[in-house]
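Below is one structure; the comments refer to it alone.
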Amino acid sequence: MKHLTPQIIAEITEGTFVGADNSRDIRIQGAERDNRDIKPGNLFVCIRGARVDGHMFANSAFEAGAACCLVEEMIPDAKGPYVIVDSTLESIKKIAAYYRSLFTIPFIGLTGSVGKTTAKELVAATLGVKFRVLKTQENLNNDLGVPLTLLALEESHEAAVIEMGISDFGDMSILAEMVRPDIFIMTKIGYAHLKELGDLNGVLKAKTEAFAFMKPEGIAVLNGDDDLLWGYDPGMRRIMFGLGERNDFRAVNVRTEGTEAVLFDIESEKGRFSAKIPSYGSHLAALAPAAAVVGDLLGMEDEDIVRGLLSYAPVGGRSNAAHTGSITLIDDCYNANPNSVKAALSSLSTLPERRVAILGDMLNLGAGSDELHRDIGAFAAQKGIDCLICNGEEAKDIYEGYKSKGEGEAHYFPNKAALIAKLPELIKKGDAVLVKASNGMKFNEFLPTLREI
């Protein structure tokens, strides 16, 4: 039986068990950091945050059905057993690594500067036709989210698809030591976290730390359209995917049905088959071959892969296209870096409507940020974006870059409230409107007004 108990947790973490002796062997299933999400049998992990200390909610978690709490201090009048450790964050990683070691199912890890969440959803949707799949929920891809995901594994799961996000050197090693993927997908080496990683070679070095934690028989699934990944040797079998002819699995004959779907053929030495993803964004075709690779590796037939891709649905805030009754609103405001913004603008450029892009700052780009923002503006002009609307201190460079390359309509607002007030005048009925910026810019605040236009 694959399960945890308070006693096992105390042993793994070298912590101190506190509670009745008959509660040492209570079965624990799953873990949560928010007492409002507790389900019966969960481990509640008390995390000290900048504003909230999880220890304050330990008894609330017990009342909701928590089997045990992981804490850093004594819990007065505790209503259940708990384990005291030096650091709950470090301890949950140890627990997750131990728990993952109990499973022999295929573990698929994913990373990349752009497209990793979409790739995760495509892979999980594809495998879901044949297997019961655990996948990363929402954006739980960091050193707390990954262990919480791993601890959601159940004996009935037949595959796990784990998204792994980093921001600095060493981060990937921490994640990979827990996940120990059998298959590792890399979507793109792009301009993200340059303040910490320096340049694209630094991004490559940081993300490829994962290969040190894979078995020799592991498989690297790399985007062959990325020159850095094409030239990288992971020290194990590698399979290349993308759009270009040099890839082992590639999408060809790509076309779109407006915002409703992307159609393409997937081609490899094994043959060719037609597929469709019922969602907006031509970028999906470049990622679909990665899902096909994993499906093929796990013994799926082409028709099963086709069915899986048809079941794909986008995650909130990532290329969600909806018709409001007046405009086509493309909500892509979860996050942004130069690669993802260019992908979003390329998809927008395929639409027949008047194309409007509302863009904001791309954060954490380091010393070259000004040039990278200006390049986005120039790219928008080259792609024929009809109207550009910018907000944010660094977004002024996007505006300037657009104005230097095109004659289209452009507006810059240093003040977000002023822009919101002006939106009803700037947006016309029938427009296709893209909203994209780094998450810290909170561009989701534009969405209610846009939906009412």
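Since every read-out is calculated from the coordinates, none of them should be taken as a lab result. These figures come from a predicted structure and were not determined experimentally. Positions of Cβ are generated from backbone atoms using ideal geometry, with glycine treated the same way; all protein chains shown enter the neighbour counts.
With everything on Cα atoms, drop me the angle between helix 416-426 and the longest principal axis of the chain, reported from 0 to 90° to the nearest 10.
40
For 100, 48, 180, what ranking results if the residue with the fewest other Cβ atoms within 10 Å of its Cβ goes first?
Final ranking by Cβ density, sparse to dense: 48, 180, 100.
Write out the chymotrypsin sites (Phe, Trp or Tyr not before Pro) in the range 251-290 meeting two conditions: DSSP loop, and at most 10 other Cβ atoms within 10 Å of their Cβ.
Qualifying residues, ordered by number: none.
With θ set to phi - 60° and the Karplus curve 6.51 cos²θ - 1.76 cosθ + 1.60, what are the ³J(HN,Hα) couplings of the range 395-410 in order, to the nearest whole Hz, using x for Gly and Pro?
Karplus-based 3J(HN,Hα) across the range 395-410 equals 5, 4, 5, 4, 4, 5, x, 5, 5, 6, 10, x, 10, x, 6, 9 Hz.
Which order do 309, 419 fall in if you start with the one that has the fewest other Cβ atoms within 10 Å?
419, 309
Rounding to the nearest 10 and keeping the result within 0 to 90°, find how far the Cα-based axis of helix 369-382 lies from the longest principal axis of the chain.
50
Just want to confirm a number: the relative contact order over the chain, from Cα pairs under 8 angstrom separated by 6+ residues, in percent.
11
Tabulate in residue order the Karplus-calculated ³J(HN,Hα) for the range 91-101, using 6.51 cos²θ - 1.76 cosθ + 1.60 with θ = phi - 60°, rounded to whole Hz; enter x for Gly and Pro.
6, 5, 5, 5, 5, 5, 4, 5, 5, 4, 5
If you work out semi-axes √(5λ) of the Cα gyration tensor in Å from the coordinates, which of (i) 31, 27, 22; (ii) 40, 28, 20; (iii) 60, 28, 19 do you get?
Checking each listed value against the structure points to (ii).
So which of 195/416; 396/422; 39/135; 416/436; 195/405; 93/207 end up more than 22 Å apart by C-alpha?
Correct reply: 195/416; 195/405.
With +1 assigned to the C-beta of every Lys and Arg and -1 to the C-beta of every Asp and Glu, and no other charges, what is the dipole magnitude of the chain about the Cα centre in debye, to the nearest 20?
Charge dipole, the chain, about its Cα centre: 640 debye, nearest 20.
Taking other Cβ within 10 Å of each residue's Cβ, how do 175, 359, 243, 450 sort, fewest first?
243, 450, 175, 359
Exactly which trypsin sites (Lys or Arg not before Pro) in the range 339-437 are in a DSSP loop and have at most 16 other Cβ atoms within 10 Å?
428, 429
By how many degrees, 0 to 90 and rounded to 10, does the Cα axis of helix 116-127 deviate from the longest principal axis of the chain?
70
List the trypsin sites (Lys or Arg not before Pro) in the range 151-246 that DSSP assigns to loop (not H, G, I, E or B) and whose Cβ has at most 14 other Cβ atoms within 10 Å. Which are they?
Loop-located and lightly packed - 246.
So in the range 162-290, what percent of DSSP beta bridges are antiparallel if you round to the nearest 5?
Bridges in the range 162-290 are about 55 percent antiparallel.
List the residues whose amide H sits under 5 Å from the amide H of residue 72, counting only those 5 or more places along or on another chain, with H placed 1.01 Å from N in the peptide plane.
For residue 72, the qualifying residues are 85.
In sequence order, what are the phi-derived ³J(HN,Hα) couplings for the range 43-50 according to the Karplus relation 6.51 cos²θ - 1.76 cosθ + 1.60 with θ = phi - 60°, rounded to whole Hz, with x for glycine and proline?
Calculated HN-Hα couplings, in order: 8, 9, 9, 7, 9, 8, x, 5 Hz.
For residue 151, list long-range residues whose amide hydrogen, built 1.01 Å from N in the peptide plane, is under 5 Å from its own amide hydrogen.
Those qualifying (amide H under 5 Å, at least 5 residues apart or on another chain) number zero.
Within a Cβ distance under 11 Å of residue 217, other residues only, what is the Lys/Arg minus Asp/Glu net charge?
Net of charged neighbours comes to +1.
When only Cα pairs under 8 Å and 6 or more residues apart are kept, what is the percent relative contact order across the range 283-437?
28
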